[in-house]
Amino acid sequence: MPGFTLAVMLFILFIFTPGSAALFLSGRSSSQYSLRETFAIGSLIFVAAFLFISFWQENAIKQFIDTMMAAAGISGGIININIISEIFMIEIILALALGLLELIINVGILPCKNKGVKTNRDNLLQKSFIMYRKAGIRPYVKVMLKDSQNISGECLRYSWDDKGSLLLKDADNPEK
């Protein structure tokens, strides 16, 4: 295959694969992360694996560089498969840990019974008020009554009991 060089193969092996694995295990769909994010996370995992193996094994970085030079045909050394597989395994373990950590942070460790407010799917007004409530702001609404009277103002309270009710502060007369 033309264009499939050693550099491309190493990039896929050491950067793209761990980055993709971490983002996949985090629970994101492929449309929620970009190629740039995959490369950034894969690069961070690669650097972390190098730091980890340099503390764990003596001359690991030198062995890796010598292996890469031998694979590229720059030097006449031997290709050390052990160092390549060790770094790759460390990267995969770090990718798994990073992806699962993000998943646990996003989902939560223990499921709780009261995780948010359940709303009726068809009641868009209720959903809108709940989103305003979550954002911490009060909505400005205009209510049209049966007797053709219009009231507009800031919504101070709302209730979804049997009747449903709103408490508005009139925009024209704030005392009302």
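The rows are residues; the columns are (1) open to solvent by less than 70 Å² (accessible area, probe 1.4 Å); (2) part of a helix (DSSP H, G or I); (3) free of Cβ contacts under 8 Å to residues at least 60 places away in the same chain; (4) under 16 Å from Phe88 (Cβ atoms).
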residue	(1), (2), (3), (4)
Gly27	yes, no, no, no
Phe39	yes, yes, yes, no
Leu44	no, yes, yes, yes
Ala49	yes, yes, yes, yes
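Annotation: of all residues in region 1-25 being open to solvent by 50 Å² or more (accessible area, probe 1.4 Å) and of a type in the set (Phe, Trp, Tyr), the one that is modelled with the lowest pLDDT is Phe4.
Could you list, in sequence order, all residues of region 131-154 that are of a type in the set (A, V, I, L, M), open to solvent by 100 Å² or more (accessible area, probe 1.4 Å) and at pLDDT 80 or above? Working first, answer last.
Step one: of region 131-154, the residues of a type in the set (A, V, I, L, M) are 131, 135, 137, 141, 143-145, 151.
Filter again for open to solvent by 100 Å² or more (accessible area, probe 1.4 Å), leaving 131, 144.
Matches in region 131-154: Met144 only.
The values are calculated or read from the model by the stated rules, or taken from the named source; none is laboratory data. Only a predicted model underlies this, so the values are computations on that prediction, with no experimental measurement involved. Note that we place each Cβ from the backbone using ideal geometry, even for glycine, and neighbour counts take in every protein chain shown. These accessible areas exclude ligands, DNA and RNA; they are computed on the full protein's heavy atoms, side chains included. Shrake-Rupley method; radii C 1.70, N 1.55, O 1.52, S 1.80 Å.
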